[in-house]
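A quick write-up on the structure given underneath.
The values are calculated or read from the model by the stated rules, or taken from the named source; none is laboratory data. Treat the numbers as computed from the prediction; the structure is a model and nothing was measured. Note that each Cβ is placed from the backbone with ideal geometry, even for glycine, and that neighbours are counted across all protein chains shown.
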Amino acid sequence: MTEGKVRQLLNDAAEDIDPGDRLASIRSATARRGGRTAWGWWVTGGAGMVAASVVTALVVSGGVNPQGSLTGPATTSTTRSSSIEGVNDTLAAVYYVGDTPDGPRLYREFRRVRADLVFHAALDAAVGRDIEGAPLAPLDPDYRVPWPAGTTIAAQVLPAVDSKSGGLDEVIEISLGGDVDLRERGIVSESEASLAIEQLIRTAQGAVSARVPVRFLLEGKVTDQVLGVSTAPTLTAGSSLDTLAHVSLSDPAEGRTVDNDNPLTVRGVGNSFEGNIVTRIQGWEDDAVFAQKPATAGWMEDRLFPFTVTFDLSNVPPGDYVVISSTDDPSGRGREHTDTRRISIMD
Amino acid sequence: MPAHLDLTGTNPDHAVEQLYAAHWRALVRLSVLLVHDQAAAEDVVQDAFVAMHGRWSRLRDPDKALAYLRRAVVNRSRSALRHRGVVERYVRRTMPGEGTVEGPSESGSRREAVRHALTQVSVRQREVLVLRYYLDWSELQIAEALGISRGAVKSHAHRGSAALRDLLGDWWEESA
């Protein structure tokens, strides 16, 4: 009854609005600007605008990245102008669950997303969706999304008052919803429940490049727990060595095709005994090792360190290969953490 | 609007002209409900068309283009509100008692009263009411577009409707 009335009143209220003609102005604007508008590029969702502007402020003010740095993908490829639309893409770091000898851990994967939507696109990807809501799996088939299918996520960065200093601070608000009630334990396994929470915290903090505390909401209401994990009042990322896989590849991306005329640079982050990370290039079918190189990341601190290693591929025949980076286990008990990327090498 | 707008293989200039012919009026009306200022609404929709032109190579399909235009108009209307204070200016111009409301029998006055009432509810309520009841978007579509939960959409719709009812008084009761 009320709904019908509101519908009728709004439709009626719009009916006598008689817009002026702007076709000539639009034509001249498109001819002049070639697609760029005075107000910048379109941003999905109202909250997106708020968050995007806050994110810029955070980056400018020099926040601390939760994982030390977002090194990894070649800086030359982190932004690219897609000449057709002129919209800038960038890489968003998304954390996913994968297996290690120490049980499930988080791996970091870089996804190419619209530069104006990094924050939202990264969090949508973390629950297995793209910004339009369609299913989106990790690029690496070894990774998985810990959230039940149909989980929705909305997030924003809000100003908050720091309870200790009284100064102005920020809080990331993540609101989860969807088909399943996500409050109770038992929806996902206990070890993956806390990883799922960490996954969103680290993805959100990575997207704003700062260790901003995260407040969790369910269906828009502040909640004391999600998946049975206590979330009140706010959370920040936990111990890196207890949460993350000890090696995570940033470059190359899964499925990349590389030309064997060019050297292949492998980048990642890791923490290993004496800092040693060994990277191999193996045949996809037969596991034959074509090349192997050590690199030094770091150790002794509760974080992952960047490493880089470059391979000359000129003697590697075309075909499908796997790049494997592995931590060192001096005990010899096979407790190495590894991360892999499948690549195609061509002439 | 044409039922089957075939824009396959169309260049962006032509696509803009076709979509303008089909949707310009409805999109400006949508924006007027959100920002209440017709000139600002026309600016908003004009900008949305210019942006759509730049993305045509990716959209290519009239349904996607219309979906894009609607989202762009909703987002840009909010931005227009924030940056220009359109509603505030409007409210200052027409303080209660200054309007030309003559009586509930006159449909023009009722329309104006409804548009004015929309400026009196919160931004969120206004957006949810317009998207839900003017565009007929689902709660889920609105939740995703506005970055809020479905529960919040429901509650904004409920409170917004109640607020409109209070604000409209006789207009609400006497509209057929």
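For this structure, a couple of remarks:
- Hits in the stretch B:147-176 (condition: hydroxyl-bearing (Ser, Thr, Tyr), part of a helix (DSSP H, G or I) and within 14 Å of B:Ala117 (Cβ to Cβ)): B:Ser161
- Boolean, A:Ile187 is crowded, with 16+ Cβ neighbours inside 10 Å and not in a loop (DSSP other than H, G, I, E, B): no
- Members of the stretch B:16-43 that are surrounded by 21 or more Cβ atoms within 10 Å (Cβ to Cβ) and among the aliphatic types (A, V, I, L, M): B:Val16, B:Leu19, B:Leu27, B:Val28, B:Leu30, B:Val32, B:Leu33, B:Leu34, B:Val35, B:Ala40, B:Ala41
- When A:Gly46, A:Gly98 are checked against the criterion of being crowded, with 18+ Cβ neighbours inside 10 Å and modelled with pLDDT under 90, A:Gly46 stands alone in meeting it.
- Candidate set from the stretch B:150-176 (those that are under 18 Å from B:Arg126 (Cβ atoms) and either touching a Cys at 6+ places or on another chain (Cβ under 6 Å) or small (Gly, Ala, Ser) (or both)); member that is farthest from the other protein chains (Cβ to nearest Cβ): B:Ala163
- Residue check for A:Val258: in contact with a Leu (Cβ under 6 Å, 6 or more places away or on another chain) and of a type outside the set (Asp, Glu): yes
- Looking across the stretch B:120-133, the residues that are crowded, with 21+ Cβ neighbours inside 10 Å and either part of a helix (DSSP H, G or I) or at the interface with chain A (Cβ under 7 Å from one of its Cβ atoms) (or both) come down to B:Gln125, B:Arg126, B:Glu127, B:Val128, B:Leu129, B:Val130, B:Leu131, B:Arg132, B:Tyr133.
- Any hit, the stretch B:144-159, residues being crowded, with 17+ Cβ neighbours inside 10 Å, more than 16 Å from the chain's Cα centre (by Cα), in contact (Cβ under 8 Å) with a residue 24 or more places away in the chain and farther than 30 Å from A:Val222 by Cα: no
- Of all residues making up the stretch A:130-144, the number that are surrounded by fewer than 17 Cβ atoms within 10 Å (Cβ to Cβ), modelled with pLDDT under 90 and of a type in the set (A, V, I, L, M, F, W, C): 1
- Scanning the stretch B:105-134 for residues that are at pLDDT 90 or above, closer than 18 Å to B:Arg70 by Cα and among the aliphatic types (A, V, I, L, M) yields a total of 4.
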